[in-house]
Amino acid sequence: PQKTTGKNAVIFPVPVRPRRQGRRPKPETALVQGVSQLLNLCHIPHGRLSGGYMIELGLPAVFGAVPPNGRALYIECKTSKGSLSWEQADFLERALDAGAICIVALSLEDVLEGLRGEGVELPKVQLL
């Protein structure tokens, strides 16, 4: 992309680096996608961070609001070899103190268990 001006133009105020070729996806990517699909099935509005852009250091990969009262939901996805960074642990601790539901998930079962443990009513979901 180039810097352009005019009607309906997109302006890039900083240089845009070309995409890296052969970049491997993060190991958590499949789990993040699965969590998103699961939350869709459960009718829980949510969003995902992508491209590594963070509003705050430690913000989990998936965030949402649990109906009917809109309680905040944060889900950090990890592989079995993964660990929380200090910033992630700090964010989750502060969110818990504020009343949010926080889940560190190694699997979709962890998400279901965490939501049910917090009393969230979920439709019957069968994982394959």
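The values are calculated or read from the model by the stated rules, or taken from the named source; none is laboratory data. These numbers come from a predicted model, not from an experiment. Cβ placement follows ideal geometry from the backbone for every residue including glycine, while neighbour counts extend to all protein chains displayed. Just so you know, the surface numbers come from the protein's heavy atoms only, side chains and all, with ligands and any DNA or RNA stripped out. Shrake-Rupley method; radii C 1.70, N 1.55, O 1.52, S 1.80 Å.
Of the residues making up the stretch 58-76, just one is open to solvent by less than 20 Å² (accessible area, probe 1.4 Å) and farther than 20 Å from residue 29 by Cβ, namely 66.
Could you please let me know if residue 33 is at pLDDT 85 or above, open to solvent by 40 Å² or more (accessible area, probe 1.4 Å) and on the phi < 0 side of the Ramachandran plot? Even if it seems obvious, please write down each step before you answer.
On the way: at pLDDT 85 or above: yes; open to solvent by 40 Å² or more (accessible area, probe 1.4 Å): yes; on the phi < 0 side of the Ramachandran plot: yes.
For residue 33, the condition - at pLDDT 85 or above, open to solvent by 40 Å² or more (accessible area, probe 1.4 Å) and on the phi < 0 side of the Ramachandran plot - is met.
Annotation for the stretch 96-107: at least one member residue is under 17 Å from residue 35 (Cα atoms) and surrounded by fewer than 18 Cβ atoms within 10 Å (Cβ to Cβ).
Number of residues in the stretch 75-126 that are without any contact (Cβ under 8 Å) to a residue 60 or more places away in the chain, more than 22 Å from residue 58 (Cβ to Cβ) and either in contact with an Asp or Glu (Cβ under 8 Å, 6 or more places away or on another chain) or assigned to a helix (DSSP H, G or I) (or both): the value is 4. Any residue at all in the stretch 109-128 that's in contact with a Gly (Cβ under 8 Å, 6 or more places away or on another chain) and surrounded by 15 or more Cβ atoms within 10 Å (Cβ to Cβ)? For the stretch 109-128, residues in contact with a Gly (Cβ under 8 Å, 6 or more places away or on another chain) and surrounded by 15 or more Cβ atoms within 10 Å (Cβ to Cβ): absent.
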